[in-house]
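Engineer: Please see the structure below; I have some questions.
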Amino acid sequence: MPGHPRGGRTVRFTGLPGSDKSAAAAAPALRMPGPAQVLDGDAPRRDLFPDSGSGARDRSENARRAGVPA
């Protein structure tokens, strides 16, 4: 699979709230040949931005924030 010279990849799981996206992402992350990190979109909202709401605009901004490290 061609990609960045260092071999980095990003996979984004999307779905309804409470649909176990993080659990679904954890299984393949464990099988990666190198280091893998699962970034849960709920963590920044819960820990860093607790005042963010659940409306479409807030969810979009939260997804953008969670994607920055990726």
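Engineer: Looking at region 52-70, is at least one residue in a loop (DSSP other than H, G, I, E, B), modelled with pLDDT under 75, surrounded by 10 or more Cβ atoms within 10 Å (Cβ to Cβ) and of a type in the set (A, V, I, L, M)?
Structural biologist: Within region 52-70, one or more residues are in a loop (DSSP other than H, G, I, E, B), modelled with pLDDT under 75, surrounded by 10 or more Cβ atoms within 10 Å (Cβ to Cβ) and of a type in the set (A, V, I, L, M).
Engineer: Quick one: in region 38-51, which of the residues that are of a type outside the set (D, E, K, R) and either in a loop (DSSP other than H, G, I, E, B) or touching a residue at least 40 places away in the same chain (Cβ under 8 Å) (or both) is farthest from Gly8 (Cα to Cα)?
Structural biologist: Checking each candidate, the answer is Pro50.
Engineer: Any idea how many residues of region 1-27 are modelled with pLDDT of 80 or more and over 19 Å from Ala66 (Cα atoms)?
Structural biologist: Final tally of qualifying residues: 1.
The values are calculated or read from the model by the stated rules, or taken from the named source; none is laboratory data. Please read all numbers here as calculations on a predicted model, not as lab measurements. Neighbour counts run over all protein chains shown; Cβ positions are idealised from the backbone, glycine included.
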